[in-house]
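Visitor: Sharing a structure below in structure tokens format, with a few things to ask.
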């Protein structure tokens, strides 16, 4: 019975990703390198998210660009393309995820591929992307559920304290993974005079 619930939950996640128009396997954009990524954006007006970003946790350079064919005409969708990385198990030009507008102006729905098999990324997982620092930073937050299991080995007051308890808890705050914008360069902070 428990295995059926797990299978149904996995199918629901897979169908939700397909319903949102996110492919289950990544594609590769040919000819992507730092020079071609920069030339793609040079000389044209960019959306707030478009540009070249650095992902410090994975030592990866990314390109975020607007996608013209969104399944929802009113929604703005972006694709995230890997330009170069320290770990080259995935080819440059591989689409590693997608971003889409949400109701909150500083938040986006984000899908990142979670597994790699023979150089192909698979299984997109939905996260929340929060844009901050004047549009120069994207923080990624994935929904987490953590549980704590405790055992009452001495069986003290068994009517109050059960033998085994399972309780959710909030873990300490960690530094969230995210992207920093590197192109186009940001404006220098202007001094405020009194």
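Visitor: Let me spell it out: the conditions are (1) surrounded by fewer than 20 Cβ atoms within 10 Å (Cβ to Cβ); (2) modelled with pLDDT under 90, and residue 85 meets all of them except one. Which number is the exception?
Guide: So residue 85 meets the others, but not (2).
Visitor: Between residues in the range 122-136 that are on the phi > 0 side of the Ramachandran plot and in contact (Cβ under 8 Å) with a residue 40 or more places away in the chain and residues that are assigned to a strand (DSSP E or B) and surrounded by fewer than 19 Cβ atoms within 10 Å (Cβ to Cβ), which pairs lie under 8 Å by C-beta distance while being six or more apart or on different chains?
Guide: Pairs that qualify, where the first residue is on the phi > 0 side of the Ramachandran plot and in contact (Cβ under 8 Å) with a residue 40 or more places away in the chain and the partner is assigned to a strand (DSSP E or B) and surrounded by fewer than 19 Cβ atoms within 10 Å (Cβ to Cβ), are 123/114; 123/115.
Visitor: Right, here's the next one. Which one of these does residue 91 not meet: (1) at pLDDT 90 or above; (2) part of a strand (DSSP E or B)?
Guide: (2)
Visitor: Among the numbered criteria (1) assigned to a loop (DSSP other than H, G, I, E, B); (2) touching a strand residue (DSSP E or B) at 6+ places or on another chain (Cβ under 8 Å); (3) modelled with pLDDT of 90 or more; (4) within 24 Å of residue 118 (Cα to Cα), which single criterion is violated by residue 22?
Guide: The one condition residue 22 does not meet is (3).
Visitor: Working only within the range 36-50, note down all residues that are buried (at least 17 other Cβ atoms within 10 Å of the Cβ) and within 21 Å of residue 141 (Cβ to Cβ).
Guide: If the condition is that a residue be buried (at least 17 other Cβ atoms within 10 Å of the Cβ) and within 21 Å of residue 141 (Cβ to Cβ), then 49 is the only one that fits.
The values are calculated or read from the model by the stated rules, or taken from the named source; none is laboratory data. The structure presented is a predicted model; accordingly, all values stated were derived computationally and were not measured. Positions of Cβ are generated from backbone atoms using ideal geometry, with glycine treated the same way; all protein chains shown enter the neighbour counts.
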